[in-house]
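Computed from the coordinates by the stated procedures, all read-outs in this text should not be read as laboratory data. Just so it is clear, the structure is predicted and the values come from calculations on it, not from any experiment.
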Ligand SMILES: N[C@@H](CCC(=O)N[C@@H](CS)C(=O)NCC(=O)O)C(=O)O
């Protein structure tokens, strides 16, 4: 059986959980408390030398790390990874955008707000993080105006990659009401078959 090493409050982990759900694949969830260093133990570093979740262990024990690589591995041969060469390049475009221009701002601010500590050093970095996050949301808003999904007419792993932290951006102090096209797209993604929420009801984020 597939095994997913994860931390429930992680949007990167949620990307894998969301696609696994859409594909109806059974998996064992192994939760690591990343706030207590459980992704930095020798045992886990042997699985992912970068010491980060998510990591997906295949049936033969091979481990795939990095949320985008996990999404690609699972999506190959399914409707979530297009057949057309140009469309595939466009999906990668948005997945790389998510990792370089979106996640480092929106996910990081969300993490600081939820898990803390919001110390002096982080307060000083906050305006730059917010500027980067707003810029990413503005790019998404422009692209989504008049479109249903990021690439083509159906949901792809580009949408899953961007949904994870965008739908939770308000946790990091971003106002999604300023972005109507993004809000409409979030609703479309949430209505797509096999959708699951990121967190169980009543989940309380722990402090670092
Ligand atoms: N680029 C990676 C980022 C993974 C990442 O940042 N994981 C965080 C949780 S969201 C983590 O494991 N942090 C624990 C640590 O760095 O020790 C991906 O997309 O999977």
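Points worth noting:
- Over the chain, DSSP H runs of length four or greater, each weighted -39,500 (n - 2.57), average out per residue to a 222 nm ellipticity of -15000 deg cm²/dmol.
- Rg/Rh, computed from the Cα trace of segment 85-191 with Rh as the Kirkwood radius, has the value 0.99.
- Working from Cα pairs under 8 Å separated by at least six residues, relative contact order for segment 2-75 is 37 percent.
- Calculated P(r) tail over 19 Å for segment 1-113, as whole % of Cα pairs: 48
- Sequence-separation-based contact order of the chain, relative, with Cα cut under 8 Å and 6+ spacing, percent: 26
- From the alpha carbon centroid of segment 146-208 to that of segment 63-115 is 13 Å.
- Residue with peak Gaussian network fluctuation, the chain [Cα springs, cutoff 10 Å], from 66, 141, 120: 120
- Cα gyration tensor category, rounded, prolate or oblate, for segment 136-195 with a/c compared to 1.5: oblate
- Share of Cα-Cα pairs in the chain lying beyond 31 Å, as whole percent: 17
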